[in-house]
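The values are calculated or read from the model by the stated rules, or taken from the named source; none is laboratory data. Here the structure is a predicted model, which means the values were calculated and not measured. Note that we place each Cβ from the backbone using ideal geometry, even for glycine, and neighbour counts take in every protein chain shown. With ligands, DNA and RNA removed, areas are computed over all heavy atoms of the protein, side chains included. Shrake-Rupley method; radii C 1.70, N 1.55, O 1.52, S 1.80 Å.
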Amino acid sequence: MNSLGELERSIMEVLWSTDAWLTVREVVNRLSDRNLAYTTVMTVMNRLVRKEFIRRERDDDGRTWRYRPAAGREAYVAELMLSALSETGDRIAALSHFARSVSPEEAEALRQALPHGEEPL
Amino acid sequence: MTYAAHHVLTLLAAVSSMAAMSRSRLTWRTPRTSLLIWQAVGLTLVLSVIGTALAIGLAPYRLGIVPAVVSFGHDLARGDLPTGITAFHLLLTACGIAVTVWIVAVFARSACSVATLRRRQRSLLGLIAHPHPELQEALVVAHPAVAAYCVPGRKAAIVISTGSLDLLTDQELRAVLAHERAHAHERHDLVILPFAALHRAFPASRHVRAMLDAVALLVEMRADDRAAREHDRRTLATALHRFRTCDRIASPPGTLGGAGHDLDARIARLTMPSRTPWPIRVMLLTVALTVASTPLSLFLLPL
């Protein structure tokens, strides 16, 4: 995992840790013990916006952007696991399993937890 | 017409070897050779179906299929077809070309959807997975479901859920990772891809599905064998056994079952290994090469 990837993950963790909308400055302040440049964090956050992992909107003053995650962490974990456990031809080609095991109830729970508005896989 | 007859014969040969291969447990003894034969059978199947249609359709040219298609194209462009070509010939030629185009299109779409799925997996892993504290190659996802898999590619990722970590001992975990590494190194995804695409092209065909299942199982057995080189076979077998017997059912809704049965076969194979003598290997390999080369030569050489 490269350092930009790590930064993406740290930023997501900051955003997941609160229900509030955060500005880039607030995210920079909450990132633990790093001397990260404001612009670096902003660039990575905009990349996450493009990938649709976070959403942004204008602040009340109408000038600064504020951000929050598009979906909770659990939703992404659920998507990842469901896509790994389902077994269609293309998926067999995309992922190789050692073995997979999930009960119907668990699979349903995974489906329920998918990001809002997302088609079941 | 002899030419078409050859294609029909290869088609019959491919279909019968497909039936034999799906049923034979001998294939489990040498997964790598068996995979090679399956590839040959799959290729033959596709080529001989197309070949039969085109060979009959273009019979009046008395050429190999490729040269005949070229001549046919030229004649069609000039609007001057040979008198021997009837509506029946045109229909079969059109069918042959349509099947070819269809298969190529579905293969491309399948490859794209696999690539999209992997990209999505990778970006999700980037956000939520953590490297295992000791085994750096493994990415850990915090989830109780029992799963261990590999996202293949030039830089493969091996993923394991915390549910699996709870289930396995340290030695078993290492054996499972070796299994996944084998998938990644030998690019088993590329072995499966054409069969998955074929299944996508003909989703209603039970035979194509059976072929995909057989290949998917053989790929797992091959990875088991690779892992068993570095680790004790029994360690791997107990790891599989734990997956099999943990209190979850191995078929989520909307997926095709059979995983439980396949696991039993793999466990049995690991606990009671049997070597195949080399004459049988050589024989199987010869069969594979013959099966594959026949329709290819029919495509290129005029009779």
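Return the percentage of antiparallel bridges among DSSP beta bridges fully within the protein assembly as shown, rounded to the nearest 5 %. Intermediate results must be reported in sequence, preceding the final value.
Details: 17 of 22 bridges.
Around 75 percent of the beta bridges assigned by DSSP in the protein assembly as shown are antiparallel ones.
Counting partner chain Cβ atoms within 10 Å of every residue's Cβ in B:197-205, what's the average? The partial results should precede the final answer.
Details: counts 3, 1, 5, 4, 1, 0, 2, 0, 0.
Per residue, the average neighbour count from other chains is 2.
With solvent modelled as a 1.4 Å probe, how much accessible area in total do chains A and B shield from it at their shared surface, in Å² to the nearest 100?
Numbers: alone 8370 and 16620 Å², together 20670 Å².
Roughly 4300 Å².
Tabulate in residue order the Karplus-calculated ³J(HN,Hα) for the range B:63-74, using 6.51 cos²θ - 1.76 cosθ + 1.60 with θ = phi - 60°, rounded to whole Hz; enter x for Gly and Pro.
My calculation for the range B:63-74 gives 10, x, 4, 4, x, 5, 4, 4, 4, 4, x, 4 Hz in order.
log₁₀ I(q)/I(0) of the protein assembly as shown at q = 0.10 Å⁻¹, via Debye over equal Cα point scatterers, no solvent, to two decimals?
-0.80
Round to the nearest 10 and give me the degree value, 0 to 90, for the angle of helix B:87-128's Cα axis relative to the longest principal axis of chain B.
Between the helix axis and the principal axis of chain B, the angle is about 20 degrees.
Let me confirm one metric for peptide B:124-132, namely the mean number of other chain beta-carbon atoms within 10 Å of its residues' beta-carbons. Display every interim value, and only then the final one.
On the way: counts 7, 5, 10, 15, 10, 4, 2, 1, 0.
Mean partner shielding for this stretch: 6.
In whole Hz, with x marking every Gly and Pro, tabulate ³J(HN,Hα) for the range B:184-197 from phi via Karplus 6.51 cos²θ - 1.76 cosθ + 1.60, θ = phi - 60°.
5, 5, 8, 6, 5, 4, 6, 5, 6, 3, x, 6, 5, 5
Please give the peptides B:227-238, A:39-50 ranked by average Cβ packing (other Cβ atoms within 10 Å per residue), highest first, as a rough proxy for protection.
Numbers: B:227-238: 18.6, A:39-50: 16.2.
Highest to lowest by the protection proxy: B:227-238, A:39-50.
Given an 8 Å cut-off on Cα distances and at least 6 residues of separation, report the relative contact order of the range A:3-69 as a percent. Display every interim value, and only then the final one.
Numbers: 67 pairs, mean separation 25.5, N = 67.
Averaging sequence separation for qualifying contacts and normalising by length gives 38 percent for the range A:3-69.
How far, in nm, would the chain grow between B:ARG154 and B:HIS132 when pulled straight, counting 0.36 nm per residue and subtracting the alpha carbon separation? Show your work: numbers first, answer last.
Numbers: separation 22, 0.36 × 22 = 7.92 nm, distance 2.07 nm.
Contour length minus the Cα-Cα distance gives 5.9 nm.
List the residues, sorted by chain then number, that are 5 or more residues from B:ALA148 or on another chain and whose placed amide H is less than 5 Å from its amide H.
Those lying under 5 Å, H to H, from B:ALA148 are A:PHE98, A:ALA99.
State in Å² the accessible area per residue of the protein assembly as shown; use a 1.4 Å probe, count heavy atoms of protein chains only, and round to the nearest integer.
Details: 20670 Å² over 424 residues.
For the protein assembly as shown, the per-residue accessible area is 49 Å².
In terms of modelled amide H atoms, which long-range or inter-chain residues lie less than 5 Å from the amide H of A:ARG55?
HN-HN under 5 Å from A:ARG55: A:ARG68, A:ALA70.
Just counting partner chain Cβ atoms within 10 Å, what average do the residues of peptide B:134-145 show around their Cβ?
On the way: counts 0, 0, 0, 0, 0, 1, 0, 5, 3, 9, 3, 14.
Across B:134-145, the average partner-chain Cβ count within 10 Å equals 3.
What net charge is computed for the residues neighbouring B:LEU198, neighbours being all others with C-beta under 14 Å from the C-beta of B:LEU198, Lys and Arg scored +1, Asp and Glu -1? Could the numbers behind the result be given before it?
Working: positive: B:ARG109, B:ARG200, B:ARG206, B:ARG209; negative: A:ASP90, B:ASP213.
Net local charge, B:LEU198 excluded: +2.
Using DSSP, restrict attention to beta bridges with both residues in chain B and report what percent are antiparallel, rounded to the nearest 5.
Working: 6 of 10 bridges.
Antiparallel bridges make up about 60 percent of those DSSP assigns within chain B.
Determine the relative contact order of chain B: mean sequence separation of Cα pairs under 8 Å and six or more apart, normalised by residue count, in whole percent. Write down the numbers at each step before the final one.
Working: 349 pairs, mean separation 75.9, N = 303.
Relative contact order, chain B: 25 percent.
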